[in-house]
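Bear in mind these aren't lab numbers, they're just calculated from the coordinates by the rules spelled out. Since this is a predicted model, take the numbers as computed values, not measurements. Neighbour counts are summed over all protein chains in view; Cβ atoms, including those assigned to glycine, are modelled from backbone coordinates with ideal geometry.
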Amino acid sequence: MITLYRPIDPSIFTSKQAKNLAVAVARPGVLVATAQAFVEALGRQEQYIVLAPGIYTIYSSITVRNDNVVIQGCGWETEIRFVKDAEFLFSGDNTTLADLRVNGNDVAFAKTYATKVTGSRFKSFNVWYEDCDGGLSLQGYGAHVWGCLVTGHTTCGILVSGDRCRIAQNEVEGHKRGFGDIRIVGDSNLVNHNQIPGGVPGIVDVGAGNDWTVNLF
């Protein structure tokens, strides 16, 4: 029997989801092949992956291709530490990354962003994106990012090139090249109630129909 650090309440899932739900628990010190296997080898939709507290050193990119995958840590004591140009790639729809720390290890990424999302309806909450060239690139439709901390980025903290995304109640600071802590390229996005201390420019909006008027600078 597996005891989860954050037990799953079956009532939050539909009966179909609960029946098909598979849970994997990863431990610190895994090799990248093992980490990727937790994502790839499950083979079905609606997967829940729990990362126990500790440091996971990742040397090559991890790609999440399935839909409805949740990767959840146990708070910022769960750290994904990327080396060289490794990154998270979320191409499935309705995926979630939550309750952990993504550390770019102050490496100049050739691929620019530590977490890149091309799927739709991606969600991220309570994640610390730290010391990355870029923190989070949202290219899909309808992403929702809230309660995250993005620090120490060189390019920009959050790039929103998808449409109808919601970026709320995050703290984003520390960009160095003038691209903005949050850069909005897509259309009809809601970017409100974020803290952007000392950002010049804090938000750059080159899209259309975006609402970003309620933020703290």
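Average projection, convex hull of the Cα set of the stretch 62-191: 6.5 square nanometres.
For the pair PHE125 and SER188, label points projected 7 Å from Cα toward Cβ lie 2.4 nm apart.
Among 59-66, 131-138, 145-152, 77-84, how do they line up from the highest to the lowest mean number of other beta-carbon atoms within 10 Å?
Output ranking for 59-66, 131-138, 145-152, 77-84: 131-138, 145-152, 77-84, 59-66.
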